[in-house]
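Here is the structure we will look at, set down as structure tokens.
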Amino acid sequence: MINRKLRFYPAHSLENMMRLFVLMLLAMSLVTAAMTHVSALNRSSEINTVSTADFPQVLKQNADALIEVQSTNANNALVTYRGGSYIVQIGNEKVAPPAWSGKWLNFGLLDSATIQFNEPFNMLRVEWLANVPARTALQIDVRASRDGQNWTLWELLNQSGQVARFDSDKLYLYAEYRIRMFSADEDISPEFMGISLAANSQNINTFFNGNNANMEALAVAATQPATYKVYGTRQGMVGGRTANGHIIVPNDRFVSLPSWRSLSKKGGNDYQVRIVAPNGKSGVAPVYDVGPWSNQDNYWTAPRDMWNDLPVGMPMAEKAFFSNYNNGKNEFGDDVVNPSSIDIGDGTWWTDLGLGGAGWKDGNRLAVSFLWGANITPVQLSNVQIKNVGSGNATISWNTNVPTTDWLEYGFDTNYRFRTNPDTFMGTNHVVYLGDLAPNRTYNLRARTRDVIGQEVASDKLTFTTGSGMTTQLTNWQTDQGLKTAISPDFGSVKIEGKRVVDSYWNDNPVNNYTAGASTIPGNVGNSGGLDVEFAPVCDANGQNCSFGSGSGYKAYVQMVNDVGEEVRVGVISDSIISPNGLTIMVEGTTANGPIWRYSAPNLLDPALSHHFLIVWDANQVRVKVDYGSFLDPTPITTSGIKWNFAAAARYKGDSVNVNLKEINFSWGSVNPAPVTQ
């Protein structure tokens, strides 16, 4: 998959053009069918989340997206089909929630799979669709990660539409959500139907300007995790079930902390603590349960969910027991009868820590270190390849072991005078296309990449040399006899001129007899390559009155046709509806993904000037750069069995075409030139 996401067409302009184009087709009775495909991840029409400037990335999931993880990530939660759609509800095992969760009789929990966003974020706006009857409750927790392995604490949400805020100085790429369901009646359950996660893009400018504070802070945290001395008790409860669904076995190794924020997934080590006993023995164990005494006493963070008047590191239970804090009671009004703020599984308590008995001893505290969120995965860059080198372009690709952004530094020497802009899209497979290169020159190049915590690496120096380009034999054709094609002797240009004589529109013409042009020899074009071509108007003998055509509409384009019947047309268009007062950029065609009708802002290009197109095809995608700007969004098409057409068309009888497709240069290896015969 090509790791780019550059939006060449302004979104509002494209939408307006599409609306106008559809209306035009409907008015002319030219639309014969309409097809809509909705994926399993975006079928939740009841959740009307839309992207905004602050939250541009929106992902929606229905309950059926959780079917694949319910066997591993569920604690008495069930995905079931009812009333025409899937829902998540409390299961049939009648599981009581942790003792410190309130007066509930039944409980269910289900964690989602990991979700990767395309661009960094540090806030999520969360909306969900659920049915919550009386005497039940449903809450959604969300968390974020840089690498899909090291996670923030869970953010706890109790109302749809709330925003989960993670560390504002850090950026993340991955998210997960968790559904927690409670019921005071064993026969009633809340029902979860779908969710929307809208990710923000704040602080991205700071990130792309090379701020490494995130990495430095994490490096410190990795060597100095937060550690507090607290009282603990042995949990026991062999055969019982923890909050995340783990069944407790003899000599089990896990702990319970009094907050939902640090609860690991079932069987996971997402959140772990290191415990050092007064005797010097130590052990590391994951957090599998919630308690004792509370489910809102995250005493290791600031701010806390409750009891913010207590300092970080001071558990509510300890303060209540020794100092009668909160009248010696927890948030449910229960008497706190010991100062413990961590429950410890038997194997960790007896074997790892060498402790006896079952509970705390006055003045005999345990040193507990909270280990999550500090690990750093070093970035590795590999497999740098340079291909499709032409007279003015080249394609560079490489891989990274974690999602990163990418850019290139290049120039005629190792000062690397030129630099591409980093992409906001983060991924592990990177492709960057260079254009506007000088012909017959040797370039020095290095690939660079940065992850979301600021780790940055560069490849070794590489070199490549541009050429003068390649041409190949062309054959001409006319479908409208009013349009004439002239191919230059060196096959470097195709001039198409004339007025259309066929009495039909170009949109209702089954035999396409509104065009003229030239084609490459079948089998002569490779599966990857690059093409430079200049779209030039034809001028009068004095070099004035330059024009691409006249009338109600005309277009000039290059057309890729493959051996499975797909085709993509890339070029310029003037049309009385789409671009009435000048030229604009068009991408049209038909591929396996359906029809393509994409246009840039109307009247974008001057019809009296030439316009340069760079077209690169590789890995079943086509990318286009116009007039040395940014690359357009990629267009998927099978890149095998390719033939290129250089063509122009007029919209209606009497409309004229006046275009010269010149300076046609293919990159090295793009074509196998046929012998030129004069």
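So here's what we get for this one:
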read-out	value
Residue order for I376, I615 - accessible surface, 1.4 angstrom probe, largest first	I376, I615
Mean separation of Cα contacts under 8 Å, 6 or more apart, over the residue count of segment 400-514: relative contact order %	19
Computed over segment 586-636, Kirkwood Rh from alpha-carbon pairs, angstrom	12.3
0 to 90° range, to nearest 10: angle between helix 11-27 axis and the chain longest Cα axis	60
Length released on extending from E534 to S610, taking residue separation times 0.36 nm less the Cα-Cα span	26.7 nm
The chain: Cα Rg divided by the 2.2 N^0.38 Å rule of thumb	1.23
Global form of segment 263-311, assessed from the alpha-carbon gyration tensor, a/c cut-off 1.5	oblate
Carbon plus sulfur fraction of accessible area for the chain, probe 1.4 Å, in percent	48
Distance (nanometres) between label positions extended 7 Å along Cα→Cβ at Y81 and S160	2.4
Relative contact order computed over the chain (Cα-Cα under 8 Å; 6+ residues apart), in percent	13
Distant alpha-carbon pairs in segment 381-480 (separation over 18 angstrom), percent	50
Radius of gyration and Dmax over the Cα atoms of segment 295-435, both given in Å	28.1, 81
Amide hydrogen neighbours beyond the local backbone of Q57, cut-off 5 Å, H modeled	A199
Relative compactness, segment 521-644, computed as alpha-carbon Rg over 2.2 N^0.38 Å	1.10
Among 360-370, 456-466, the order from most to least packed when residues are scored by Cβ within 10 Å on average	360-370, 456-466
Per-selection metrics, segment 476-529 (Cα): Rg and Dmax in Å	13.5, 39
Segment D627-Q116, length gained on full extension (0.36 nm per residue, minus Cα span)	180.6 nm
Mean Cβ neighbour count within 10 Å, used as a protection proxy, ranking 121-128, 134-141 highest first	121-128, 134-141
Rounded FRET efficiency, nearest 0.05, which uses the C-beta distance separating Q380 from R135 and R0 of 51 Å	0.45
Square roots of 5 times each gyration tensor eigenvalue, C-alpha, segment 469-582, largest first, Å	24, 19, 14
Helix axis angle, 213-223 relative to the chain longest principal axis, alpha carbon, degrees	40
Efficiency of FRET between N581 and N507 - r from beta-carbon atoms, R0 35 angstrom, step 0.05	0.95
Rough spin-label spacing in nm, given labels placed 7 Å along Cα→Cβ, for S282 and A367	0.7
Kirkwood-type radius of segment 425-500, with distances r between different C-alpha atoms, in Å	17.4
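The values are calculated or read from the model by the stated rules, or taken from the named source; none is laboratory data. Remember, it's a predicted structure, so these values are computed and weren't measured experimentally. Counting neighbours? That spans all protein chains shown, and the Cβs are built from the backbone with ideal geometry, glycine included. Just the protein is used for accessible areas: all its heavy atoms, side chains included, with ligands, DNA and RNA removed. Shrake-Rupley method; radii C 1.70, N 1.55, O 1.52, S 1.80 Å.
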